[in-house]
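A short write-up of the structure that comes next.
Readers should treat all values here as calculations from the given coordinates under stated rules, not as data from a laboratory. None of these values were measured; they are calculated from a predicted model. Cβ sites come from the backbone with ideal geometry, for glycine too, and all protein chains shown count toward neighbours.
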Amino acid sequence: MPVEIAPNVYWVGAIDWTMRDFHGYLTEAGSTYNAYLIVDEKVTLIDTVKKSFLAEMMARISEIIPPERIDYIISNHTEMDHSGALAETIARVRPEKVFCSPLGKVGLSRHFKEEWPFVEVKTGTELALGRFHLLFLETPMLHWPDSMMTFLREEQILFSSDGFGAHYASSQRLIRNRHDCPPGYFYQLKKYYANILMPMGTLISQLLEKVAKLGLECKIIASDHGCVYENPGWVLEAYKDWAAGVTQPKALVIYDTMWHSTELLAKSFLEGLMEAGVEAQLHHLRTTHYSDIVTELLDAPLFLVGSPTLNNGMFPSMGQFLTYLKGLKPKKKAAMAFGSYGWSGQAVGLINKELEAMGLKPVHEGFQVRYIPDPEELNQARALGAQLAREHVRAG
Ligand code: FEO
């Protein structure tokens, strides 16, 4: 069934209940691919869905109008979860025009190798559909070069592409206020930001300023993933905080272990953090998925990373985590490496190099023990944890 989100504006997307992996990001709550239909003199479809969900989208459109009545298609974003069904949709609908950003045209042409009736639009371009008017807003690198958003003036709806999205499958389509979120939704909103948009914090701050400067008051935000937000102030506030790097009084200890020595240290650091009165979290890299760890890291000002030395290097799981984290360009975080070793002990130094390569300055040269930590070393780790918390975590 389609859902009317405003008079003559419908959600006609698809719900992916079973998707659990989005190029490496664990999507335990599934997702949706949101497409929207505006019924006016020019019937307009905004975005499509992943290719395998074409029939689901077409069935929803068909409950409103025959799909062949669509005049315009707007492609806010080239990535295949939104354009995957575009070729089949265009072949059936034969739209008069396909609107996209200039780099959207480049991306769609490279993906589909088709001569479609493209119309390039830029920030400020307006399009009259009849009663309704659309305004386009380019949002390059949020999160692809082609990305743009579309604003429906009369209903004050921002079709925000991936922005403000959440990988969350549910029968609920509309969230009326923060208290109306389905269970676990806010975590998925944050997880999406952390795993997809964290590197673009500055661009997001600029976007929020641009939206305010253009006087675009958003009554509804209709993203390409998750639910549609009425009264979206709480989502905008959350984005503002995440983009600005606002932190909570919390710290993370992230580790892997071979014979539990590094784990003993991890737990001692954790004890110290707890003694200092901050929210402390312990994450074993083989039990917490890295996409969840970075979600928690988003608003943590301090994290400790521990690995034993294995074959003169760090554990592969730590290498994977640090590679992933480096791509997300975390900013303004205090970090420290720790670990255990038998005879060579390179892991801590290698972790420090990785931290520096991602632009973070380790706040300590690193803490490591040979073979098994003794009670005094564990006490030192505990005291150091408490000290780092006092020095680098703002009290709650
Ligand atoms: Fe949901 Fe960038 O695609």
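Only Lys, Arg, Asp and Glu carry charge here, each on its Cβ (+1 for the first two, -1 for the last two); on that basis segment 34-139 has a dipole of about 140 debye about its Cα centre. For the chain, the spread of Cα positions along the three principal axes, ordered from largest to smallest, is 77, 40, 34 Å. In this structure the amide hydrogen of residue 35, modeled in the peptide plane, comes within under 5 Å of the amide hydrogens of 12, 13, 14, none closer than 5 places in sequence on its chain.
Look at the dipole of the chain built from charges on Cβ: of 134, 199, 174, the Cα furthest out on the positive end belongs to 199. What FRET efficiency, computed as 1/(1 + (r/R0)^6) with R0 = 22 Å and r the Cβ-Cβ distance, is obtained for residue 180 and residue 153, rounded to the nearest 0.05? After rounding to 0.05, the efficiency reads 0.30. Helix 261-275 and the longest principal axis of the Cα set of the chain meet at an angle near 80°.
Calculated FRET efficiency, residue 234 to residue 258, Cβ-Cβ distance, R0 = 56 Å: about 0.80 to the nearest 0.05. When the Cα positions of 386, 362, 183 are compared along the charge dipole of the chain, 362 comes out farthest toward the positive end, with charges on each C-beta of Lys, Arg, Asp and Glu.
For residue 190, the shell of other residues with beta-carbons less than 11 Å away shows a net charge of -3, using +1 for Lys and Arg and -1 for Asp and Glu. Between the Cα long axis of helix 102-112 and the first principal axis of the chain there is an angle of about 90°, rounded to the nearest 10.
Amide H to amide H, with H built 1.01 Å from N, residue 310 comes under 5 Å of 315, counting only residues 5 or more places away or on other chains. Okay, helix-only estimate at 222 nm for the chain: each DSSP H run of n ≥ 4 adds -39500 (n - 2.57), divide by all residues, round to 500 deg cm²/dmol; what do you get? The helix contribution divided over the chain gives -10000 deg cm²/dmol.
Explain nothing, just the number: dipole magnitude of the chain about its Cα centre with +1 on each Lys and Arg Cβ and -1 on each Asp and Glu Cβ, in debye rounded to the nearest 20. Roughly 460 debye for the chain.
Within the listed set 254, 65, 175, the Gaussian network model of the chain (springs between alpha-carbon atoms below 10 Å) gives the highest mean-square fluctuation for 65. Each Lys or Arg adds one and each Asp or Glu subtracts one; over the other residues with Cβ under 15 Å from the Cβ of residue 282, this totals -3. Once the Cα atoms are used to define both axes, helix 233-244 deviates from the longest principal axis of the chain by about 50 degrees. In order along segment 298-315, the phi-based Karplus estimate (6.51 cos²θ - 1.76 cosθ + 1.60, θ = phi - 60°) of 3J(HN,Hα) comes to 3, 10, 9, x, 9, 9, 10, 10, x, 8, x, 8, 10, 6, 6, x, 8, 4 Hz; Gly and Pro are listed as x. Here's the list of lysines a cross-link from residue 97 could span, going by alpha-carbon distance under 24 Å and ignoring same-chain residues fewer than 8 apart: 42, 50, 51, 105, 113, 122.
Separation of segment 165-217 from segment 247-306 is 26 Å, based on Cα centroids. Between residue 113 and residue 51, with labels modelled 7 Å along Cα→Cβ, what's the label distance in nm to one decimal, could you check? Using points 7 Å along Cα→Cβ, the separation is 1.3 nm. Once the Cβ-Cβ distance of residue 94 and residue 390 is raised to the sixth power relative to R0 = 45 Å, the FRET efficiency obtained is 0.10. Computed from backbone phi, the HN-Hα couplings of segment 9-18 come to 10, 10, 7, 10, x, 9, 10, 9, 6, 10 Hz, rounded to whole numbers (Karplus: 6.51 cos²θ - 1.76 cosθ + 1.60, θ = phi - 60°; Gly and Pro given as x). Pick from 217, 120, 376: which is most flexible by mean-square fluctuation in a GNM of the chain where alpha carbon atoms under 10 Å apart are linked? Ranking 217, 120, 376 by mean-square fluctuation puts 376 first.
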